[in-house]
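Novice: Before I ask anything, let me first share the structure, which is written out below as structure tokens.
The values are calculated or read from the model by the stated rules, or taken from the named source; none is laboratory data. Just so you know, these numbers come straight off a predicted model, no measurement behind them. Note that we place each Cβ from the backbone using ideal geometry, even for glycine, and neighbour counts take in every protein chain shown. Heavy atoms of the whole protein, side chains included, go into the accessibility calculation; ligands, DNA and RNA do not. Shrake-Rupley method; radii C 1.70, N 1.55, O 1.52, S 1.80 Å.
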Amino acid sequence: MSSDPIASKSAWICSYMGAHQDTLVAYAQYYAGARKPHDVQLTRVDAQGMTLRWSEGGRGENTEARVAFEPPLKEFGEVKGRMLEMREEAMKGVGMTAQPQITTFILPSLHIVPLILLLFYVTLQPSPTSIAERIRSLTGSWRTVRAAWVFMILAHALETAYMAVLARRHRVPWGARWKWLAATAAVGYAALGGFRSLVKQKRIESIGKAA
């Protein structure tokens, strides 16, 4: 008997899907009959189906359900396509808005700010006896510093361009849009992550409200 081609990669799939709470909520409601699922987790995926666990109504008592794949998967390469198909069906079935409007701005994580400030310090502190000079020496002198600036500016510019696309797609009003664009230009991916999290939250809140 051949081994399950999906089960060996179950932990990786479950970890990846943990960042997609909107999709998991749609799965739980549409395929498993959950009413108000909170903290939905994908705990196992194999060729026959997937196992979901959630807290009904956020009361802390877990419910678990098995969702079958029809037909079963034959190879790992089929996982993404099947789960995307099921996602689209589930979102439509529960009335989840795929592109909800975002009207507010939330301050993104600032965990990258110390690194940006360090780069400024290393660039602007010319003293040969300073800590900045020691850092420059350890990292390859000014060539590395210049390369770091080029990388950060290019990366943040591309991320800001992508944020502009997302802001248009989600019909963000200008009062909030310029803040998202400025935040992305300043801290890059952290702002994009905050925006995506807000989109997922709004998708969940839209369930049953779509016209």
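Novice: Scan the stretch 95-112 and give yes if some residue there is assigned to a helix (DSSP H, G or I) and either at pLDDT 90 or above or surrounded by 15 or more Cβ atoms within 10 Å (Cβ to Cβ) (or both), otherwise no.
Specialist: Within the stretch 95-112 (the criterion being assigned to a helix (DSSP H, G or I) and either at pLDDT 90 or above or surrounded by 15 or more Cβ atoms within 10 Å (Cβ to Cβ) (or both)), the answer is no, since none of the residues qualifies.
Novice: From the list ALA90, ALA147, ALA155, ALA132, which residue is assigned to a helix (DSSP H, G or I), closer than 24 Å to VAL45 by Cα and open to solvent by less than 80 Å² (accessible area, probe 1.4 Å)?
Specialist: On inspection, the qualifying residue turns out to be ALA90.
Novice: If I go through the stretch 34-54 residue by residue, how many of them are out of contact with any Cys (no Cβ under 8 Å at 6 or more places or on another chain), under 16 Å from ALA68 (Cα atoms) and charged (D, E, K, R)?
Specialist: Residues of the stretch 34-54 that are out of contact with any Cys (no Cβ under 8 Å at 6 or more places or on another chain), as a first pass: 34-40, 46-54.
Checking which are under 16 Å from ALA68 (Cα atoms) leaves us with 34, 46-53.
Still in the list and also charged (D, E, K, R): 46, 53.
Qualifying residue count for the region: 2.
Novice: Another question, if that's okay. Determine whether ARG171 is basic (Lys, Arg) and in a helix (DSSP H, G or I).
Specialist: Numbers: basic (Lys, Arg): yes; in a helix (DSSP H, G or I): no.
In short, no.
Novice: Would you check which residues across the stretch 44-64 are assigned to a strand (DSSP E or B), at pLDDT 95 or above and not polar (S, T, N, Q) and list them?
Specialist: ARG44, VAL45, ASP46, GLY49, MET50, LEU52, ARG53, TRP54, GLU64
Novice: Give the stretch 65-87 a look and list any residue that's in a helix (DSSP H, G or I) and either of a type outside the set (Gly, Ala, Ser) or more than 19 Å from GLY18 (Cα to Cα) (or both), or say none. Lay out the reasoning, then the answer.
Specialist: Going through the stretch 65-87, the residues in a helix (DSSP H, G or I) turn out to be 76-87.
Selection gives PHE76, GLY77, GLU78, VAL79, LYS80, ARG82, MET83, LEU84, GLU85, MET86, ARG87.
Novice: Just to be sure I understand the filter: pairs with C-beta atoms under 8 Å, separated by 6 or more residues or on different chains, first member in the stretch 106-117 and under 16 Å from TRP149 (Cβ atoms), second member of a type in the set (A, V, I, L, M, F, W, C) and in a loop (DSSP other than H, G, I, E, B). Which pairs pass?
Specialist: Short answer, once both residue conditions are applied: none.
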